[in-house]
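A quick write-up on the structure given underneath.
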Amino acid sequence: MSTASSLPIVRTIGDLRQLVAGWRKEGHVVAMVPTMGALHAGHATLITAAAEGGARVVTSVFVNPTQFAANEDFGTYPRDEAGDVARIAPAGGHAVFAPGVAEMYPEGFATAISVGGPAEGLESDYRPHFFRGVATVVAKLLLSCLPDRALFGEKDYQQLLVIRRMVTDLGIPTEIIGHPTIREADGLAMSSRNAYLSPAERAVAPKLHQVLAEAAEAIRGQVPPAEALIAGNRTLDAAGFKVDYLELRNARTLAPVADTGAEPLRLLVAARLGKTRLIDNLAV
Ligand code: PAF
């Protein structure tokens, strides 16, 4: 274990378990915030929320190779461990778990967790490898730490539901808590990938949230969802986005919506702006 500005940085599962066992002996609740680093104010809010009530918080920083396809940005994903560590202590975190790839995927690693239900459709239609990689790494992170609770941002809403499903199905004794999306002043959801946007793209990017807000308002006002979604698609096309999906789903299951009056609803969108793929979602 090493320390930076008094924050322990653990690299192995064995050291993480020892650290957590010490906290447990002292009677602390333990919380985890899994991340891929490149921490921004949204992550800081998650860490602060995780620490509420005096919990000890482990933030994991691991760019997980199995959730990237060969043509995606694993190689260029922003990495700044020193910058991440500097953000974690002021946010209220108590330790960093920053394993290497060989610690998470030792030689011969041959296990994967495949989730159905909420993992079907939406992101999986465009990134078929993604939730298998996420579920496998999150299961391993949770089993390595066994926190009482783990926090995830609602910006990755489908991911949040997939993780909840996986934790319930496998009986992992951790409460999964979703935290509302943190947005820039102009509405753009905070994301490590926003750093890829050119200044011109950054100026257009808040349209994604605006379109969700307009569609949600229209649907609440009894405009037929199909009509609201067509209008949203047109607005995004005109602004220069290439839309992967803009859909209305059941907020609990992500099943397609049968009756807008009876179900909790969520709008979900994924669209590319230049080389950057952005996702966002909103409750209706
Ligand atoms: O949302 C993320 O940052 C990642 O998908 C996660 C949950 C840390 C798994 O690698």
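The values are calculated or read from the model by the stated rules, or taken from the named source; none is laboratory data. All figures in this text were calculated on a predicted structure; none of them were measured in a lab. Please note: Cβ atoms are built from the backbone with ideal geometry, for glycine as well, and neighbour counts cover all protein chains shown. Each accessible area value is taken on the protein alone, full model and side chains, heavy atoms only, with ligands, DNA and RNA left out. Shrake-Rupley method; radii C 1.70, N 1.55, O 1.52, S 1.80 Å.
Being surrounded by fewer than 20 Cβ atoms within 10 Å (Cβ to Cβ) and of a type in the set (A, V, I, L, M) is the filter here; which residues of the stretch 64-94 pass it? Result: 69, 70, 82, 86, 89.
Hey, which of the helices (runs of 4 or more DSSP H) in the stretch 145-241, taking only ones fully inside, have at least 1 residues that are open to solvent by 50 Å² or more (accessible area, probe 1.4 Å), at pLDDT 95 or above and touching a strand residue (DSSP E or B) at 6+ places or on another chain (Cβ under 8 Å)?
Values: elements: 157-170, 199-204, 207-220, 225-239.
Qualifying helices (runs of 4 or more DSSP H): 157-170, 225-239.
Every condition in (1) free of Cβ contacts under 8 Å to residues at least 40 places away in the same chain; (2) under 25 Å from residue 76 (Cβ atoms); (3) hydroxyl-bearing (Ser, Thr, Tyr) is met by residue 235 except one, and the failing one is (2). The residue that is nearest to the ligand (Cβ to nearest atom), counting only those in the stretch 128-159 that are touching a helix residue (DSSP H, G or I) at 6+ places or on another chain (Cβ under 8 Å) and charged (D, E, K, R), is 155.
Residue-level analysis places residue 61 outside the set of residues that are closer than 23 Å to residue 136 by Cβ and touching a residue at least 40 places away in the same chain (Cβ under 8 Å). Look at the stretch 125-150: where a residue is in contact (Cβ under 8 Å) with a residue 24 or more places away in the chain and a partner is near the ligand (Cβ under 9 Å from one of its atoms) and in a loop (DSSP other than H, G, I, E, B), sitting 6+ places away or on another chain with Cβ atoms under 9 Å, you get 133/64; 134/64; 136/64; 137/62; 137/64; 138/64; 141/62. Residues that are free of Cβ contacts under 8 Å to residues at least 60 places away in the same chain, more than 10 Å from the ligand (Cβ to nearest atom) and not aliphatic (A, V, I, L, M) within the stretch 32-57 comprise 48, 52, 53, 54, 56, listed in sequence order. If you check residue 113 against the conditions, is it in a loop (DSSP other than H, G, I, E, B), of a type in the set (A, V, I, L, M), within 13 Å of the ligand (Cβ to nearest atom) and open to solvent by less than 60 Å² (accessible area, probe 1.4 Å)? Criteria met by residue 113.
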